Structures are given as structure tokens and as C-alpha cells.
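Q: Have a look at the structure that comes next, please.
The numbers here are math on the coordinates, done by the rules we state, and not lab data. No experiment lies behind these values; they were computed from the predicted model shown. Positions of Cβ are backbone-derived with ideal geometry, glycine not excepted, and every protein chain shown enters the neighbour counts.
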Amino acid sequence: MKQVLYYSLALILLMTGCKGQRNKWENDVVIDSLTTVLYNMMSDQPERALAFIDSLREEGYYSEGLANCRRAQVYSEQFQPRVSEVYAHRAVNDENLKKENRRYHYFAYLLLINAASNMGNNERAMTYATEALAEAEADTLAAAQKYKPDYLEAIGCCQFNLKHVDEGNKSYDRAYGLYEELMAHAESFSSFYPMFMMAVDAINYNVDNGRIETAKLWLPRLEKAYDRLVSASNIIDYVRDQATADKEISQARLYTIAGQPKEAEAHYQAYLATDYAHTQVGQKMSSGYLEASGKWDEMVTALEASDSFYMNNESQYSMKYLTGVLGGQFKAQRHLGRNEGALKVADKLIALLDTVSEKTRQEDAAELAVVYETQEKERKIAEQQADLTRQRLIGTAIAMALLVLFFIVYTLHRRRAARRLAEANAVKERIESELRIARDIQMSMVPSVFPDREGLDLYASMTPAKEVGGDLYCYVLQGDILHFCVGDVSGKGVPASLFMAQVTRLFRTFAAQGKKPADICTRINQALSEDNEQGMFVTMFVGMIDLTTDHLWFCNAGHNPPVIGGGESHGEFLQMETNAPIGLWPDLEYVGEEIENIKGRALLIYTDGLNEAENPQQEQLGDERLLAILQNTHFSNARQVIETLASEVEHHRNGAEPNDDLTMMCLRV
């Protein structure tokens, strides 16, 4: 409550005394929301992501420095480190980014370090990391302190790769201490994960370099980091499972090389108890332990899974595949005395060697071509800007010379006004086009196909009041369990639609895990209320039905009460517990309810765009009229109910523009 009052007071002060600061705060909220959309494009749609970045730069949402930072991130996702390094270097050296948005300045350093590391240039990566650390240590901002352990870890990693093992351990020691300071008040698993993985890497690096006793010194830190990670309230099951696999297999390999086979076998069995161990990637990870322990038969099986992984992902044309998979298969076959099998592996390795070398050269050439093309484009832009500057100087001189001629001045003024009008129309058309694209993206996030299952009738519709809106609906059907929800985000437009996308993603994640409605609301609230500086929230009705027993569990988080059919009145508002909206206050535990059997009873869930629809006289449709319509509508199917209500709303509006988003879901089992 204190946090809400604080933001309310701050907002009043900003509105009355500092319009510029208010606009900056609102712009930051929009930038963060647009970045969420951008992240969804980076891996699978890089060209579209780059075009989106250019558009945000042109519209003024991104500065040139921030745009270069995001371009570097896209190319890093596509594993084009040379191009990523070019843009990351520009972002790091951008003075405006360094002054106005230092968190992105420090993030750009990480991209720069990562690019050099991916090119195998440990010396350059360490130079970048050392430079970044020195700058962060001289900075008092929280963003600088956050990135210091990351830079130290990067320095340590480079030192290990360069065989400076003592220096690498010192850097990792310092990094771990800084992580512990930062994690003192952390709660999210994502905050603990880097510290845990650094402990795993420290053990593996020391084992690789024969420092067994030093590796053992990291075991208490590994256990502590692991306990904090898996104890986080928002830990995801597959993250817990993979972290357990990483922890156990690294210890199994350590104890094997340390000559403690019983301890090694115990940790290996714990590794095999994880789900991750039986995936293709997990089996690939176990090959180092299997080689060290001399389990050559199991190593052959593990490397066959690795082979399938590379083949399925069409990534067998790499030196990593040749040395890590085929090299390991050759070694295992030789130790097993299978000379014929070893010969087949050797033939395959030799046959692929030239192909891999040629493919690597082609990829390097293609990436260098992008770098050169980028640099050439920048050179041409610079030349055009210089030409434009000269033309403006000449134009100014001519204008001053002709100032005495009123008619010519008037003509020039008319032409200039026409050009500005044309540019304004072009900008307007581009914004409208992008909003139409945003609407299409938003509509694709809600289901348009509904279950074709005997005994279940489900239909829903969503109509935003503007190009994009904040309403949502969703369902997840797994076996005989149906999860469904309807929600209404505070506000309208692009920020509300982006918040809606995040809520929909979280609902699908927790519903897929089989959570009850109250638990889903609690977990979504935990995720959204963390660092919710803009104070956005969502009202939701979340339900779950067991289609074998017709049992309904539900939780209402500040949403309109649904209408349930049947009974003597042939339809009534559902009486239920009131919970707070989602996203405002952390640590809330939402209360759920249940109905033993809803067989044959239709359920209508809706947003307030239905009962608060207004006509030209600003008269609302109202709850009583809504109930009367439903009581006098014969139920044929869920779609017929939704279309009837939509028709009644249009009739009531009588030509008035929609005043709110309208979303309805109807179901009956």
C-alpha cells in the first residue's frame, strides 16, 4: 500500500510541476513494453526484428545508441559475432547512451565481450571486460554494481581459457563474493542462476586444468548456490531439473578424476534420476564423465544421442561436432577394441572435414560481407549528411539574397508547408500501418480455434475499442482438464496490449503445469508485481473444469461476476469471493472456490465493455438488462449466445463509438 501511495504522490507532482519528466517516464514504460515484443522476434525473425529496431529509432523511441545495442543483440542471437561486435562497439562509445541510459551502456559491454569470446579471441574479450570493470568500479549507480560480477566472471573465464588458472580462480572468487552481496535480498530464480552456473564452471575449469583440490573448495559454494536457486518461489520445474543435472554430473566427473569412484557413481546416479539426463543434450553432457570413468559402452550410447541432436538441428558441419562427437566416438570404439567401428567413424570424420572447413570459410565470408556492407552504408549516410549540410548552407544564402522579393518568399513558404504536410501524412500512414500490424499480432495471441470435443461447447470473441487493447481470453485443454480465463488490463492502447501479452503467456505456462486457478493468480501476481513501476494491473476470472466429473474450480481476481445458467431464475450472477486485481501488490495469496457439478449450466464470462457499453446519450447497457437478455435467450450453443450479445450491444450503441474493449467467453459441459 505504501508503494502505491508513493507512486500516486509522485505522479501528481510530475503532472503539476514537471511535464518533461512525466513524458520521459511514460516513454520509458513504452520502450520496455516494445522491447518485450522485440525479444519475441530476435531468434526466429531476425530481419523483422532489425526492421522493427529501425522503425523505433525513426519514431524516436530508441536513441541511436540504444538501437545499436539492440542490433548487436539480434546478431548475437544469430551467432554472427563479427557484426555483433561492430554494433556493440558503437553502443559502448555512444556518449548519449553513456549519459542518459547507463544500464544499456553496461549491457552493451556484455555484448561486446560475448562477441569477442564467440570468435575465440580471449585476449580481446578480457580487454573489453577489464575496461568495463574499471568503468563500473568508478561508478556509483546501481546498474554499474549489478554488472560488476558479470565482468569479473568474464575475465576469469578468459584467464582459464588462456591457462592462467591462478588468476582465473582469483577473478571467480571476487565475482562470487559480489554475487552474494547482490543476492542478499533477491527472490527470483533468475537472480540466483548466474551465481550457480559460475560455481559449476569453476569446478569444471579447475578439473580441466588438473586442480582437483581447488575444484573441491568450490563444492560448498555450489551447494549453497544450488539451494538458493531451487528454493526460489518462482522456480520453473525444467530449470530445477536442469540445474540438478548440471550440479550432479560436474561432481561425478570431479570425483572420478579425484580417484573417488563411490562418490562419483552416487552423483552419476543422481544425475540419471533427472529428466534432463535422458534428453539428447543431457546425454551429450555426460560424455566427459563417462570418458573419465572408462564407461566406454555408455559413452557410445551417449554420443549416439549427441549425433542425433546435431543431425536433427543440421549443425553437424562444425568443428565442435567433429572433435566433440566423432572424436569421442572414435576414442570409445578404440578402447572397446572395435577397430571396424573406429574405422567407420574415422572415415566419416575425414569425409566431413573438408566440408566443415569450407562451410566455416563461407560463413566467415558471409559475416564479413555484412560487416563491410554495414560500414559502407554508414559511410554513404555520412556523405549524404555532409552533402545535405552543404545544400542547406547554399539554400540559406539564396533565401537571404531573395528575401526582398515577397512573392518568391511566399512561394517558397507554400512549398515548404506542402512538403511538411506530405511528411506528416507519411508518418501518420506509417504509424497507422504499424498499429494494424500490432492489432494482427495481438489477435494472433488469443485462440481463434475452439475445442472440437464431445460434451464441451466453448466459444469466445474479443473486439478492441482501439487498434489494440488490453482485454484477453485464453484456454488450455490437457486431457480431461480445461483451464480458461478472461481478463481486462488497466488502460488501453499499446502499453495495455503488451501487458496483455505477458499475462497470456504466464497463464498458458502455469495452466500447462496443471496449477489450480487460485495458484495461477498468485503466481501471475508474483511475476507482474515485481518491479511494476508503472502500476499496471489486470482483473481476471480463471477457471478449471474436470471434464470427467464436471467439477469447477475458479478464482475471481477483481473481475466482473460471470453469469451462470440454470436454476429457478434461468440465469444469475455467480456469487463468489472477492480478490484484489493482479499486479499491484506482491505476496498476495489468492482465494479460490469450487462448484461440485456444473453439467448443463452455461457460464458466461465477460469484460466491462459488455455491461458498460454506452449509447450516444452515454446510457449503459447495465447488469439488469444483460441478465434479462440471457434469461430470455434460448441456449442453442455457445457461439449463438456470444453473437446474440454482440448484436444487442451494437443495437444499444446505436452508432456510438465503442467506449471500451469487449471480450466474451461462453462455455457449457
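Q: Under the Karplus relation 6.51 cos²θ - 1.76 cosθ + 1.60, θ = phi - 60°, what is the ordered set of whole-Hz ³J(HN,Hα) values for region 65-80, x standing for Gly and Pro?
A: Using θ = phi - 60°, the values come out as x, 5, 4, 5, 4, 5, 5, 4, 5, 4, 5, 5, 4, 8, 6, 10 Hz.
Q: For the peptides 170-181, 284-295, what is the packing order when you average, over each peptide's residues, the other Cβ atoms within 10 Å and list the highest mean first?
A: 284-295, 170-181
Q: For region 187-306, what does the alpha-carbon gyration tensor say about shape, rounded, prolate or oblate, given a ≥ b ≥ c as the root eigenvalues, a/c under 1.5 as rounded, and a/b over b/c as prolate?
A: oblate
Q: Any idea what diffusion coefficient region 510-590 gets from Stokes-Einstein, in µm²/s, Kirkwood Rh on alpha carbon pairs, 10 °C, 1.306 mPa s?
A: It comes out at roughly 115 µm²/s.
Q: What FRET efficiency do you get for GLU612 and ASP208 if R0 is 60 Å and r is their Cβ-Cβ distance, rounded to the nearest 0.05?
A: 0.35
Q: Something else: Once you place label points 7 Å from the Cα toward the Cβ at ASP227 and ALA134, how far apart are they in nm?
A: 4.0
Q: Mind checking the full-extension length gain between SER569 and TRP585? Use 0.36 nm per residue of separation minus the Cα-Cα distance, one decimal, nm.
A: Full extension from SER569 to TRP585 adds 2.0 nm.
Q: If the label point is 7 Å along Cα→Cβ of ALA143, which residues in region 101-127 have backbone nitrogen under 14 Å from it?
A: Under 14 Å, as judged by backbone N against the label point of ALA143, lie 101-111 of region 101-127.
Q: Another question, then. Can you give the FRET efficiency to the nearest 0.05 for ALA186 and ASN96, using r as the Cβ-Cβ distance and R₀ = 30 Å?
A: 0.45
Q: Right, another one. Any of LYS98/LYS148; LYS284/LYS344; LYS146/LYS516; LYS99/LYS224; LYS216/LYS262 with alpha carbons more than 27 Å apart? Name them for me.
A: Flagged as over cut-off: LYS146/LYS516; LYS99/LYS224.
Q: Is the shape of region 134-205 best called rounded, prolate or oblate, per the rule: a/c under 1.5 gives rounded, else a/b larger than b/c gives prolate, else oblate, with a ≥ b ≥ c the square roots of the Cα gyration tensor eigenvalues?
A: It is oblate, given that a/c is not under 1.5 and a/b is not larger than b/c.
Q: What order, most packed first, do the peptides 79-90, 606-617, 452-463 have when packing is the mean number of other Cβ atoms within 10 Å of each residue?
A: In descending order of packing, they fall as 79-90, 606-617, 452-463.
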